Amino acid sequence: MSEAPTTPTIAATPFTEAERAAVYRAIYERRDMRHFAGGTVAEDVLLRLLRAAHHAPSVGFMQPWRFLRVRSPALRQGIHALVEQERLRTAQALGVREEDFMKLKVQGVLDAAEVLVVAMPPGREAHIFGRRTLPEMDIASTACAIQNMWLAARAEGLGLGWVSIFDPQELARLLQMPEGAHPLGVLCLGPVDAYYAEPMLQQEKWACRAPLEDMLMDDLWDASRPPPVTATPPAPAPSGAAPSDAAPSVVAPKAAPDGVQP
């Protein structure tokens, strides 16, 4: 029999069936949104989302996330320009898929109700617990905070998109971050007309979700197993087709049956 803990605890009881279904629904219906419907996010809702992010796990409890709420239209235009600049560079680096990439909508900085820049502060090297051999765990911890906010946004009926197509040094300069600070994402947040029926890049035939069984191994790395192929070959574009910001098959979401990813 284990010794009773001396610190406060929470009973290790499962959620009710409805509570459990709600958690899995948020996971399965979360989408990386690029199409927004304007509007606003109520201050109390925004605070709930930020609190959810701030309750994420972090290595050594270092809490390496900082959130910059960008309200200035001029700064939003500046961020938009940085994303567009990197979008062109990324397209060129993609080679044969350049044309397909340029048809994708990669940001909603000028359309979303709120823009939050997530960055890590300087001085992170002082946190050694859990990072001595894996210093990148500050990034992993911050990603957990973003995922918390993503799931909470779905529960609130809001869309959230994580934009990472930018030069971090340029964004840090634009927002006057101190030396050593590192931006990880531009979060576009706000009302949406509906969520994508499946991940947008899957709907757009850019890539597809790999089978779970391709990701699982027992005990040792299975070198004989071929790497999963998630990229979908580009479909030939109609003659004269131009890049479009139209939303791909946006539908009202339905709960995933029996915990299966739609």
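The values are calculated or read from the model by the stated rules, or taken from the named source; none is laboratory data. Computed from a prediction, not measured in an experiment: that's the story for all the values here. No Cβ is skipped: glycine too gets one built from the backbone with ideal geometry, and neighbour counts run over all protein chains shown. These area figures cover heavy atoms from the full protein model, side chains too; ligands, DNA and RNA do not enter into them. Shrake-Rupley method; radii C 1.70, N 1.55, O 1.52, S 1.80 Å.
As I understand it, the dipole of the range 1-144 uses +1 on the Cβ of Lys and Arg and -1 on the Cβ of Asp and Glu, about the Cα centre. Which of Ile128, Ala21, Gly38 lies farthest toward its positive end?
Of the candidates, Gly38 comes out farthest on the positive side.
So if I place +1 on the C-beta of Lys and Arg and -1 on the C-beta of Asp and Glu, and nothing else carries charge, what would the dipole magnitude of the range 1-80 be about its Cα centre? I want it in debye, nearest 20. List each step's numbers first, then the result.
On the way: 11 positive and 7 negative charges, 108 e Å.
Roughly 520 debye, rounded to the nearest 20.
For Met62, Met215, give the ranking by accessible area with the largest first, probe 1.4 Å. Kindly include the intermediate steps, with their values, before the conclusion.
Details: Met62 15, Met215 105 Å².
So the residues, ranked largest to smallest area, are Met215, Met62.
Classify the range 104-202 as rounded, prolate or oblate, taking a ≥ b ≥ c as the square roots of the eigenvalues of its Cα gyration tensor: rounded when a/c is under 1.5, otherwise prolate if a/b is larger than b/c and oblate if not.
Values: a/c = 2.35, a/b = 1.63, b/c = 1.45.
Prolate is the answer for the range 104-202, as a/c is 1.5 or above and a/b outweighs b/c.
Report Arg97's accessible area, 1.4 Å probe, all protein chains in place, as a number in Å² to the nearest 10.
Per-residue accessible area (Arg97): approximately 40 Å².
Round to the nearest 10 and report in Å² the accessible area of Thr13, as given by a 1.4 Å probe over the protein chains' heavy atoms.
100
Tell me which residues come under 5 Å, amide H to amide H, from Cys208 once H is placed; ignore anything under 5 positions away on its chain.
Ala231, Thr232
What accessible area, in Å² to the nearest ten, does a 1.4 Å probe give for Leu75?
That residue has around 60 Å² of solvent-accessible surface.
Taking all protein chains together and a probe of 1.4 Å, list Ile165, Ile10 from the most accessible to the least accessible. Show your work: numbers first, answer last.
Values: Ile165 35, Ile10 155 Å².
Greatest to least solvent exposure: Ile10, Ile165.
Explain nothing, just the number: dipole magnitude of the range 89-237 about its Cα centre with +1 on each Lys and Arg Cβ and -1 on each Asp and Glu Cβ, in debye rounded to the nearest 20.
Numbers: 12 positive and 20 negative charges, 41 e Å.
Computed about the Cα centre, the dipole is about 200 debye.
From the residues Ile139, Val115, Leu187, which one has its Cα farthest along the dipole of the range 113-207 in the positive direction, the dipole being from +1 and -1 charges on Cβ of Lys/Arg and Asp/Glu about the Cα centre?
Looking along the dipole axis, the top candidate is Ile139.
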